[in-house]
Amino acid sequence: MNPLLLWFYQTGSPANFERFAKRWSSWFIWPACALMAWGIYAALVEVPADYQQGNSYRILFIHVPSAWMSLFIYVAMAVNAFIALVWRIKLSELLAMSCAPIGAAFTAITLLTGAFWGKPTWGTWWSWDARMTSELVLLFLYLGVMGLYAAIEDRRAAARAACFLALIGLVNLPIVHYSVVWWNTLHQGATIRLIGKSSIDPAMVPPLIAMTIGTKLWFVGSLLTRTRAALIEQESGKDWVRRLLLPITSRGDTR
Amino acid sequence: MTEPNALTGFAAVFSRDLRLVWRRRGDALQPALFAVLVASLFPLALGPEPQTLARIAPGVIWVALLLASLLSLDVLFRSDLDDGSLEQFMLAPQPLAALVMAKVVVHWLTSSLPLLLAAPLLAELLFMPHELLQVLLVSLALGTPLLSLIGAVVVALTVGMRRSGMLLALLALPLYVPVLILGAGSVMAAAQGFTSNGALLLMAAGLVMMLVAAPLAAASALRIALT
Amino acid sequence: MSEFFAMDGHGVYIWSSYAVFLLILVGDALAPRLRLRRVQRELAQRLRRQAGKGQSSTQPS
């Protein structure tokens with residue numbers, strides 16, 4: 001059998017995935033922290049103030065990568081949701097469901113930092129332009145998936161329903177975005193461009209790249225940790241979980 | 001006996017549901033009454049000045065009808081779930097999508113059509129300019145079926161959940177946003193002198209797609225929710 | 001130094017943004033660990049209850 005396929009099958013089994021996630025998650029989280037630490041330092045200290053916006057544009061280094069992540073994670077969630085619905089793979093269900101809270105977190109960061117950026121720069125906390133409105137709807141889509149997953153008792157049925165909802169939401173998102181674009185043309189003057197007309201100074205690029213890659217690595221690491229926790233909780237009646245946790249619980253040690 | 005197929009299934013469920021609604025025909029007026037009440041809240045909150053109300057009238061009417069449609073969705077599958085008919089539908093040889101479509105059509109006819117008839121009344125209450133009435137009615141005629149179809153998918157997904165009312169609303173509203181934007185926006189465009197054809201055509205296109213896609217999606221959702 | 005914190009008067013917004021970012025990520029990191037700790041606790045309790053009743057507590061894995 002194709003070695004890659006074999007690896008997928010093997011890692012897809014719960015006990016193997018638990019080991020895989022436990023081993024690899026730190027290899028994503030710590031480099032992510034390092035990259036983001038450097039990125040934040042550079043964003044605050046090294047990069048000069050923007051000639052138009054002054055210092056408030058430094059928020060961009062948080063806001064833009066978070067916005068990209070909020071969309072990227074939704075696509076990742078939808079892909080896993082599709083796999084879960086079509087092939088009924090339990091691990092894909094858990095991966096998809098674990099994506100949702102991380103995606104919601106980045107969407108919340110995007111919305112909040114967007115507001116913090118908007119106030120000093122354009123004088124308003126909020127505007128109903130296409131991007132901000134779509135981002136708000138995106139937050140509700142994430143929360144809807146999480147809410148539906150929590151509302152059904154049978155975990156596998158809940159995951160299937162929430163995955164279905166995630167896929168419906170995926171179709172909805174571009175529709176919302178373009179309908180708001182059209183709607184804003186009716187209400188001239190209400191649009192606010194989030195990224196200014198000024199082309200980006202080359203000095204600003206490295207921290208932005210660092211934050212972009214850092215947040216992606218963080219996502220993978222966090223996804224592995226969350227999925228592992230969900231897997232252990234869902235399989236807690238099984239022998240392999242007992243063997244895994246028992247030595248620790250009998251020692252009274254927590255990890 | 002004719003061969004069971006999608007058309008016979010559709011016709012059977014359609015006439016059954018229509019008969020059931022007729023037996024409780026008083027209930028069919030409730031969404032319309034709700035819409036009138038909600039629309040009345042705005043003058044009460046904002047003051048009775050005709051100019052203010054006229055400006056927001058199309059939007060308020062759209063929101064009122066949207067909320068009324070949302071609230072009336074809950075009963076789409078409830079009685080069938082309670083008496084076991086829903087399971088029979090799922091086991092029937094006819095395609096489940098056709099049966100679901102019949103239910104959605106009856107639901108639209110009995111809940112949203114009265115709303116459409118209430119719209120001119122609401123327009124008068126909110127001092128909406130008469131020139132806008134035609135666009136409003138067309139946008140509602142295209143929009144309310146869309147809302148029913150999209151809502152049916154979400155209701156199917158949450159069928160059988162107790163206390164699902166608020167969750168249903170939270171899940172459905174983000175999906176309703178484009179319909180509201182295009183529907184209310186088309187009337188706003190007409191109010192500002194622009195053509196509303198673009199938005200209306202988009203809604204019509206969406207409706208055509210949903211007529212095919214939504215029953216299929218709702219059938220899948222039912223199977224997911226009830227396994 | 002105080003100039004650094006003030007950021008030309010935009011300090012509140014900038015530092016709030018970075019604080020929000022760090023707080024939310026810390027929360028994201030902690031949540032699964034707290035969940036695991038809870039699962040361990042509950043599993044230990046369940047095993048103690050079952051041992052107390054003298055039942056076999058193994059299931060096929």
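Which order results if A:133, A:110 are arranged by neighbouring Cβ count within 10 Å, fewest first?
On the way: A:133 21, A:110 26.
Going from least to most buried by this count: A:133, A:110.
List B:101, B:166, B:90 from most exposed to least, where exposure is judged by having the fewest other Cβ atoms within 10 Å. Display every interim value, and only then the final one.
Working: B:101 25, B:166 9, B:90 14.
Going from sparsest to densest Cβ surroundings: B:166, B:90, B:101.
Helix A:3-12 against the longest principal axis of chain A: what's the angle in degrees, Cα atoms only, rounded to the nearest 10?
With both axes taken from Cα atoms, the answer is about 80 degrees.
Between A:150, A:42, A:105, where does the largest GNM mean-square fluctuation fall for chain A, given springs only between Cα atoms within less than 10 Å?
A:150
Just to confirm a number: summing +1 for Lys and Arg and -1 for Asp and Glu over residues other than residue B:15 whose beta-carbon lies under 14 angstrom from that of residue B:15, what do you get?
Working: positive: B:16, B:19, B:23, B:103; negative: B:17.
Charge balance near residue B:15 sits at +3.
Using the structure shown, list the pairs from A:216/A:238; A:238/C:53; A:90/B:103 with a Cα-Cα distance above 28 Å, or answer none. Show your work: numbers first, answer last.
Details: A:216/A:238 33 Å; A:238/C:53 19 Å; A:90/B:103 33 Å.
Long pairs (Cα-Cα over 28 Å): A:216/A:238; A:90/B:103.
Can you work out the Karplus-derived ³J(HN,Hα) for every residue in the stretch B:197-213? Use 6.51 cos²θ - 1.76 cosθ + 1.60 with θ = phi - 60°, whole Hz, and x for glycine or proline.
In residue order, the calculated couplings are 4, x, 5, 5, 5, 4, 5, 4, 4, x, 5, 4, 5, 5, 4, 8, 6 Hz.
Could you size up the charge dipole of the stretch B:1-133 around its Cα centre, putting +1 on the beta carbon of Lys and Arg and -1 on that of Asp and Glu, and report it in debye to the nearest 20? Could the numbers behind the result be given before it?
Details: 8 positive and 11 negative charges, 35 e Å.
With only Lys, Arg, Asp and Glu charged at Cβ, the dipole is about 160 debye.
Short version: ³J(HN,Hα) in whole Hz for each residue of the stretch B:147-163, in order, from phi by Karplus 6.51 cos²θ - 1.76 cosθ + 1.60 (θ = phi - 60°), x for Gly and Pro, what are they?
3J(HN,Hα) across the stretch B:147-163, in whole Hz: 4, 5, 5, 5, x, 4, 5, 5, 4, 4, 5, 9, 5, x, 7, 6, 6.
Which whole-Hz couplings ³J(HN,Hα) result when phi for each residue of the stretch B:216-227 is put into the Karplus expression 6.51 cos²θ - 1.76 cosθ + 1.60, θ = phi - 60°, listed in order with x for Gly and Pro?
5, 5, 5, 4, 4, 4, 4, 5, 5, 6, 10, 6
Can you give me the Cα centroid spacing of the stretch B:131-183 and the stretch A:85-107 in angstrom?
Centre-to-centre distance over Cα atoms comes out at 26 Å.
Can you tell which of A:232, A:171, A:183 lies farthest toward the positive end of the dipole of chain A, using +1 and -1 charges on the Cβ of basic and acidic side chains (Lys, Arg; Asp, Glu)?
A:232
Quick one: if you stick a label point 7 Å off each Cα along the C-beta vector at residue B:3 and residue A:239, how many nm between them?
Rounded to a tenth, the inter-label distance reads 5.4 nm.
Quick note: the coordinates plus some simple rules give every number you see, no bench work behind them. As the structure is a prediction and not an experimental result, all values here were calculated from the model. All Cβ positions, glycine included, derive from the backbone under ideal geometry; neighbour counts span all protein chains shown.
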